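Quick note: the coordinates plus some simple rules give every number you see, no bench work behind them. The model shown is predicted, which means the values in this text are computed figures rather than measured ones. Note that each Cβ is placed from the backbone with ideal geometry, even for glycine, and that neighbours are counted across all protein chains shown.
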C-alpha cells in the first residue's frame, strides 16, 4: 500500500510483520509491529516525516530517505538497498540494539541517543556522513565503521572498539578529526594532519598495555591502561601529524609524568620531549606534535630516564687488584680518591651507528664503575666509551635498554667490538692507552706529542699522562711505545 497524508500520527499495531511498499510524506508514524521490506518493495521516508518503530526493521528491498527520520527502539537489519543520503536514523531504545548494513548502504546522519544499553554493529558500515553520539555506545566489535564527521562523544557515548574493528575517517591538512573511541572507557584521540596529502586513518583502543604491543603480558609499570592502534593510508613524513590522546582518571596507574611510546621492533620506544615532536600533558590527556614515524601502536607510560651502568678499566691507569689510579686527584682536579677520571658515554643506533641523543660525560671510578643517564631509551643500542687518552671502544653487541642497562667490559676481550682490549692478567681486560690526539689510532703523532711533554717535564691534567700519576715521564713513554708496535686502532661496527 502507499500512504500520502498531511501532518498526522498514524499507528501500525499489527502483531505480524508488514510487507511494505510505503511512502511517508508528512507527520509522524508509529509501528509496533516488525517492519519487513521485502524484495521489490520500497519504504520511502520523505519531507519532515518521522517513522517511529518499536520493533525490528528488516530490509530486503529498498529504504529511501528524503530528509525524513527513522527513530528505532529495536534493531535495523539491511541486506537490500538503503539510501539514507539525506535522512536521519536515531537509535533510542532502552534495550540493546543491533545494526547491520549491506556493503552498498549509504547513511547520512546516525544518532545514538539511548536511555540505557548500547548499539551493537554486526557488519562493516561503509559510510556514515555524520555520526552524533549523545548517550549510549556504538560497539563495532570486529567490524569497521567509516564516518565523514562525528560529533558529541563523552564518557557515556562513544564508538566502542571491543574487538578488531576500527573507526575510519579521512584526515586532510585542513580537516582535523577527533576519533571518539574507547573500549571499557572513553579514550578519544584527535589527529591533525600536517602533511600536504590527505590520508585515511583508522583507530581502535585496547584495554591494557602489553609487552608485545597488542598481545602478550600486561605491563606492571606506571601507565595508562590503554593501547591505541592508529593506521593511516599515507606516508607520514615531517612535519607529520599532531596527536591528542585522552583517558579517564581510573585508566591511569601510578602516572605522574605521562609520555608517549610507540611499539617498534619488539619494544615500547619512548618519544622523548622535544625529540621528533613537542609533548604536553594533563592528568587526563597528552598532546604530541609533529610525529612523523610510521609506527601504528601507541601507549602512554610514565616518563623516565635510562641509566647505563658500565665497568671498564683503562690500561695505563690499572694498578692491579681491580683498581685504577685516581688520576683526577693526582693531577689536582678532584679531592675524591674514589674517582679515576672523566669519560664520555655515547649510545648509537644499531642500523647505522648514528648517535641517539647527546653523549653523556661522567666519572669512571677507581673500581672501574661508571654510570651515565640518558633520556628514556628502549630496545637495543650500541654503546661506545671515550677517554682522553684511551682508544675509543664499543660494546661487542647491542645492549638492550629500558630504565636500566648494565655492561661489563672487563671480563673478556670479546666484550669490546673486535676484541679491542688488552689482557691485564688475572682475567681482567682494559681499554688500550695511548690515543692522545683521539684520531682513532695509536701511532707516531701521539708519540711526538708525548715526546715534547716528556722533554718539557710537564705536570698536571694532561692527555699524555697515560698512567694517571700527574706527570708525563718515562713510564708513559714506554706504554705508548709498546702500543704503537702493536698497531692499535679503533674498531667500530660501522
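The sum of -39500 (n - 2.57) across all DSSP H runs of n ≥ 4, divided by the residue count of the chain, sets its helix-only mean residue ellipticity at 222 nm to -1500 deg cm²/dmol.
As a length-normalised measure over Cα pairs under 8 Å and 6 or more apart, the relative contact order of the chain settles at 7 percent.
Entry note, the range 113-228: relative contact order of 18 percent, from Cα contacts under 8 Å with a spacing of 6+ residues. Taking the number of Cβ atoms within 10 Å of each Cβ as an exposure proxy, the fewest-first ranking of 392, 451 is 451, 392. Going by neighbour counts of Cβ atoms within 10 Å, the residues 464, 164 line up, fewest first, as 164, 464.
Kindly express, to the nearest 10 degrees and within the range 0 to 90, the angle between helix 444-455's C-alpha long axis and the longest C-alpha principal axis of the chain. Helix 444-455 sits at roughly 50 degrees to that axis. Just one of [x] 1.48; [y] 0.99; [z] 1.23 is Cα Rg over 2.2 N^0.38 Å calculated from these coordinates, so which is it? It is the one labelled [x]. Counting only alpha carbon atoms, the long axis of helix 474-485 and the longest principal axis of the chain meet at about 60°. By the beta-carbon count within 10 Å of each Cβ, the least crowded to most crowded order of 229, 261, fewest first, is 229, 261. From most to least packed by mean Cβ count within 10 Å, the peptides 452-462, 59-69 give 59-69, 452-462. Our summary gives the range 9-302 a relative contact order of 9 percent, counting only alpha carbon pairs under 8 angstrom and 6 or more residues apart.
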